[in-house]
Amino acid sequence: MNIEELDFEDSKVWDMIGDGLVKGCFQIEGHLGKTWAQRLKPTNINELAALISLIRPGCLKAKIDGKSATEKYVDRKQGNEEIDYMHDSIKDILEETYGVIVFQEQSMKIAERMAKFDLKEADNLRKAIGKKKADLMREVRTKFIDGCKGNNILEEQAVKIFDIIEKSNRYSFNKSHAVAYAIMAYWSAYLKCHYPEKFFKHWLRNADDKIEPDLEKRQLIMAAKNEDIEVHGPSMQYLYENFSWQNESIYFGVCNVKNVGKAHLDKYISLVSEWDRKPTWSELVTLILPHINKKAIENLIKVGFFAGLKKSRSEMLHEFSCVKELTKLELANLELCIDKSNCQLPLEAHLQFFIEKGLKKEGGYVTTAKRMEKVKDILVRLQNPGRDLLDNPSMYAKIEEKLLGCAVSHSELNACADAAHADSTCKEISDGKVDRSTVACVIKRIREHKTKNDDYMAFLSIEDNSGELENIVIFPDIYGQNKSIIYEESTVLLTGQIKDKKRGSFVVDNIFNI
């Protein structure tokens with residue numbers, strides 16, 4: 001496929017952008033891009049270029065008649081505000097942006113049309129505003145108003161239009177850049193829309209190049225889940241260095257685990273490849289894993305790399321730590337015991353046989369009586385670990401977040417029995433469920449907002465095992481009553497419903513800590 005030959009008429013792509021499914025899409029993947037894409041719902045490259053320009057912080061903060069340029073553009077596009085072109089002579093210049101000055105080129109053309117500026121003077125206007133040159137600004141302002149008057153335009157109208165140009169252009173974008181960005185945004189959205197598996201796989205592979213790699217991975221994984229793409233941790237079935245597409249799902253690569261490098265993977269592959277069958281856990285933990293870096297193996301165990309061997313992660317970590325206390329000679333001799341016995345036996349059975357053979361001077365494998373006591377002690381700890389070796393979902397969720405960047409196979413919600421009271425998931429609500437719902441979730445982001453009455457409300461982003469949900473609104477009365485349990489990484493039950501279908505805002509009417 002030659003992406004440069006694509007047209008820009010694919011309705012599926014525009015619908016996806018309008019639905020806010022923009023994670024990974026160039027320039028519009030952030031919270032502002034998602035929120036305003038949902039409100040603006042662009043349907044062509046010019047509107048997408050306008051969106052990219054209008055979500056710059058300056059455009060959102062600069063108010064004209066009480067509204068930002070962003071709000072005016074969206075309201076006018078949606079028919080919620082009358083379009084005002086300010087002057088009939090510049091209607092054609094502002095028609096494509098609903099009467100809102102979005103691009104620097106528009107201001108320059110207005111100055112040429114209304115005040116008879118030449119190209120150099122129009123460029124001075126751009127420089128004066130963009131670079132905040134006060135002296136040049138006064139000079140340009142006078143020239144603009146005088147030029148308009150000489151063109152039979154009332155001074156009052158000229159002053160009003162110049163003031164709008166000045167406010168708009170403090171943060172405006174030039175159209176050539178905006179359109180180029182919009183084309184790249186559309187290309188990335190097209191790939192996401194039509195090749196989501198490859199899109200997410202490759203974006204995850206490049207997440208480490210981001211400023212906050214772990215946050216990037218988590219957001220991509222949540223976005224993939226929202227689009228029914230499963231993401232799993234690394235698996236001994238798929239020995240790839242980086243993220244890969246396997247069995248209709250995305251899998252972490254072995255080297256995506258912290259402290260696990262390509263050398264560790266290559267060593268594991270070389271040792272396993274010597275076998276003509278899949279090794280059992282007892283064989284792995286004695287014949288293969290001790291020959292690889294201890295930290296790397298421990299981290300692989302912690303993220304579930306060896307799942308499917310009928311052992312919990314806690315059991316594997318315990319047995320591996322015991323085996324690592326054996327000397328190299330003892331490990332070599334233990335291998336002889338395993339070769340001579342049933343490979344399906346548990347590790348302690350092999351070690352028991354090893355001990356029963358006695359000391360080396362008696363024809364056994366252990367060199368000294370002191371080492372015999374140590375080996376017996378290891379056997380006792382294998383048989384009686386002294387603690388519960390069942391996996392704790394909450395603990396391993398935190399471990400996965402540390403080692404993978406996000407929890408994949410475990411979730412803190414798994415550990416919360418009260419989560420059974422939930423009747424909805426983030427994905428169901430994101431997909432359009434409007435009935436009153438209760439969702440068990442983890443709060444990921446909080447943004448406080450001070451109201452006109454000096455009260456505080458909050459906007460949340462939450463996630464559960466199904467994906468992420470933004471635009472969670474908690475009004476002052478509920479927020480004030482529950483502020484002590486509303487914090488990042490808090491696990492809660494939220495009850496409420498979608499009140500604003502256009503913005504997809506989920507308004508909370510009750511909240512419980514779980």
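Condition test on A178, is it more than 26 Å from L60 (Cα to Cα), buried (at least 20 other Cβ atoms within 10 Å of the Cβ), out of contact with any Leu (no Cβ under 6 Å at 6 or more places or on another chain) and not acidic (D, E)?
It is false that A178 is more than 26 Å from L60 (Cα to Cα), buried (at least 20 other Cβ atoms within 10 Å of the Cβ), out of contact with any Leu (no Cβ under 6 Å at 6 or more places or on another chain) and not acidic (D, E).
Might you check whether a residue that is out of contact with any Lys or Arg (no Cβ under 9 Å at 6 or more places or on another chain) and part of a loop (DSSP other than H, G, I, E, B) occurs anywhere in segment 214-226?
No, the conditions are met nowhere in segment 214-226.
Restricting to segment 478-493, what's the tally of residues that are open to solvent by 20 Å² or more (accessible area, probe 1.4 Å) and not in a loop (DSSP other than H, G, I, E, B)?
Looking only at that region, the number is 7.
Go through segment 265-281 and report how many residues are buried (at least 19 other Cβ atoms within 10 Å of the Cβ) and over 20 Å from E319 (Cα atoms).
Selection size over segment 265-281: 1.
Restricting to segment 24-48, count the residues that are assigned to a helix (DSSP H, G or I) and either touching a strand residue (DSSP E or B) at 6+ places or on another chain (Cβ under 8 Å) or among the aromatic types (F, W, Y) (or both).
The number of residues fulfilling the criteria is 4.
May I ask you to say which residue of D123, D84 is outside any helix (DSSP H, G or I) and in contact (Cβ under 8 Å) with a residue 12 or more places away in the chain?
None of the other options fit; the residue is D84.
Please specify each residue of segment 300-315 satisfying the condition of being part of a helix (DSSP H, G or I), crowded, with 20+ Cβ neighbours inside 10 Å and touching an Asp or Glu at 6+ places or on another chain (Cβ under 9 Å).
Answer for segment 300-315, where residues must be part of a helix (DSSP H, G or I), crowded, with 20+ Cβ neighbours inside 10 Å and touching an Asp or Glu at 6+ places or on another chain (Cβ under 9 Å): K302, R313.
With the checklist (1) surrounded by 14 or more Cβ atoms within 10 Å (Cβ to Cβ); (2) within 31 Å of the chain's Cα centre (by Cα); (3) in a helix (DSSP H, G or I) in hand, flag the one item D208 doesn't pass.
Against the list (1) surrounded by 14 or more Cβ atoms within 10 Å (Cβ to Cβ); (2) within 31 Å of the chain's Cα centre (by Cα); (3) in a helix (DSSP H, G or I), D208 comes up short only on (1).
Yes/no per residue for (1) at pLDDT below 90; (2) under 30 Å from R218 (Cα atoms):
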| residue | (1), (2) |
| --- | --- |
| H350 | yes, no |
| L359 | no, no |
| R371 | no, no |
| K374 | no, no |
| V380 | no, no |
| Q383 | no, no |
| G386 | yes, no |
| P393 | yes, yes |
| K402 | no, yes |
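Got a sec? Which of D391, D435 is closer than 30 Å to F506 by Cα and assigned to a loop (DSSP other than H, G, I, E, B)?
Selected residue: D435, the only one of D391, D435 that is closer than 30 Å to F506 by Cα and assigned to a loop (DSSP other than H, G, I, E, B).
If you check D88, D135, which single one turns out to be at pLDDT 90 or above and acidic (D, E)?
D88
Scan segment 54-63 and give yes if some residue there is among the hydrophobic types (A, V, I, L, M, F, W, C), buried (at least 17 other Cβ atoms within 10 Å of the Cβ) and within 28 Å of A207 (Cα to Cα), otherwise no.
yes
Mind checking whether some residue in segment 40-59 is of a type in the set (A, V, I, L, M) and within 21 Å of the chain's Cα centre (by Cα)?
Yes, that holds for at least one residue.
For segment 494-514, which positions are open to solvent by less than 40 Å² (accessible area, probe 1.4 Å) and over 16 Å from K444 (Cβ atoms)?
T495, G496, I498, G504, S505, V507
Between T451, T438, which is modelled with pLDDT of 90 or more, of a type in the set (V, I, T) and touching a Pro at 6+ places or on another chain (Cβ under 8 Å)?
Exactly one of T451, T438 is modelled with pLDDT of 90 or more, of a type in the set (V, I, T) and touching a Pro at 6+ places or on another chain (Cβ under 8 Å), namely T451.
Which one of E197, E216 is more than 25 Å from V102 (Cβ to Cβ), surrounded by fewer than 20 Cβ atoms within 10 Å (Cβ to Cβ), of a type outside the set (S, T, Y) and under 18 Å from the mean Cα position of the chain (by Cα)?
E197
What is the residue count in segment 362-388 for residues that are open to solvent by less than 60 Å² (accessible area, probe 1.4 Å) and either charged (D, E, K, R) or under 30 Å from S466 (Cβ atoms) (or both)?
Number satisfying all stated conditions: 1.
Please enumerate the residues belonging to segment 132-157 that are closer than 18 Å to E105 by Cα and in a helix (DSSP H, G or I).
Residues satisfying the conditions are M137, V140, R141, F144.
Taking the options E29, E9, name whichever one is free of Cβ contacts under 8 Å to residues at least 12 places away in the same chain and either open to solvent by less than 70 Å² (accessible area, probe 1.4 Å) or closer than 20 Å to E216 by Cβ (or both).
E29
Residues of segment 246-281 being in a loop (DSSP other than H, G, I, E, B) and more than 28 Å from E197 (Cα to Cα), which ones?
Once the filter is applied, which keeps residues that are in a loop (DSSP other than H, G, I, E, B) and more than 28 Å from E197 (Cα to Cα), segment 246-281 yields S273, E274, W275, D276, R277, K278, P279, T280.
How many of the residues in segment 442-477 are crowded, with 21+ Cβ neighbours inside 10 Å and part of a helix (DSSP H, G or I)?
Counting residues in segment 442-477 that are crowded, with 21+ Cβ neighbours inside 10 Å and part of a helix (DSSP H, G or I) gives 0.
Scan segment 283-298 and give yes if some residue there is of a type in the set (A, V, I, L, M), in contact (Cβ under 8 Å) with a residue 60 or more places away in the chain, under 25 Å from K217 (Cβ atoms) and open to solvent by less than 70 Å² (accessible area, probe 1.4 Å), otherwise no.
Within segment 283-298, not a single residue is of a type in the set (A, V, I, L, M), in contact (Cβ under 8 Å) with a residue 60 or more places away in the chain, under 25 Å from K217 (Cβ atoms) and open to solvent by less than 70 Å² (accessible area, probe 1.4 Å).
Working carefully through the options G233, G253, find the one that is at pLDDT 95 or above, touching a Leu at 6+ places or on another chain (Cβ under 9 Å), farther than 30 Å from H350 by Cβ and among the small types (G, A, S).
Matching residue, one of G233, G253: G253.
The values are calculated or read from the model by the stated rules, or taken from the named source; none is laboratory data. Given the structure is predicted, the values throughout are model-derived calculations rather than measurements. Every residue, glycine as well, gets a Cβ built from its backbone with ideal geometry; the counts of neighbours run over all protein chains shown. All accessible areas refer to the heavy atoms of the entire protein, side chains included, with ligands and DNA or RNA removed. Shrake-Rupley method; radii C 1.70, N 1.55, O 1.52, S 1.80 Å.
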